[in-house]
Amino acid sequence: RLDVFMAGDDVTKKKPDPLIYNLAREKVGLPSSKCVVIEDSLVGLRAAMGANMPCVITPCPSSDVPEFRAHGARAVMDVNVGLGDGAGAAVTLAKLFPANAAEPNFDFGGGYGAGYGSSSGGVAGGAGSYSVSAPERVTRGADG
């Protein structure tokens, strides 16, 4: 379920400005430490980092940077392994947001997020804990 859907037309400044992510975060009432951005470009990664949110990169054929981790990505997915809920998915909402975790988890196994602690990307640790096994709110910011 998407509680907020935002696109580039909803903001006055485009990526890499973090405005779209900050507005989405405000609309759902979550601190940046409880958010995860999924992006496919360096511009999007920079916007996520500007919003103080960890970012998972899902490269596509037009992705502009081969070394996203060097630019602050918390995890970079293999183009042949996706996000989702299927048996072959490397990352699921339940893996990103484990029950009662104080912050998102980036150790997905398979080398995708291993070794990246909570201080990467300038993201502050969360003060509380999640009360559900997956977030009830999923916010999607379209290219903008």
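Summary of computed values
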| item | result |
| --- | --- |
| Residues of region 28-62 that turn out to be farther than 27 Å from residue 98 by Cβ and surrounded by fewer than 18 Cβ atoms within 10 Å (Cβ to Cβ), as a count | 4 |
| Qualifying positions in region 1-27 - modelled with pLDDT of 90 or more and over 24 Å from residue 76 (Cα atoms) | 9, 10, 11, 12, 13, 23, 26, 27 |
| Selection count, region 6-27, where residues are surrounded by fewer than 16 Cβ atoms within 10 Å (Cβ to Cβ) and under 24 Å from residue 105 (Cα atoms) | 2 |
| Hey, residue 76 modelled with pLDDT under 75 and not hydroxyl-bearing (Ser, Thr, Tyr) or not | no |
| Selection within region 63-73 - out of contact with any Pro (no Cβ under 8 Å at 6 or more places or on another chain), on the phi < 0 side of the Ramachandran plot and either open to solvent by less than 80 Å² (accessible area, probe 1.4 Å) or modelled with pLDDT of 75 or more (or both) | 63, 65, 67, 69, 70, 71, 73 |
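The values are calculated or read from the model by the stated rules, or taken from the named source; none is laboratory data. Note that the structure is a prediction, hence the values are computed from the model and not measured. Note that each Cβ is placed from the backbone with ideal geometry, even for glycine, and that neighbours are counted across all protein chains shown. Accessible surface is based on the protein model in full, side chains and every heavy atom, while ligands, DNA and RNA are left aside. Shrake-Rupley method; radii C 1.70, N 1.55, O 1.52, S 1.80 Å.
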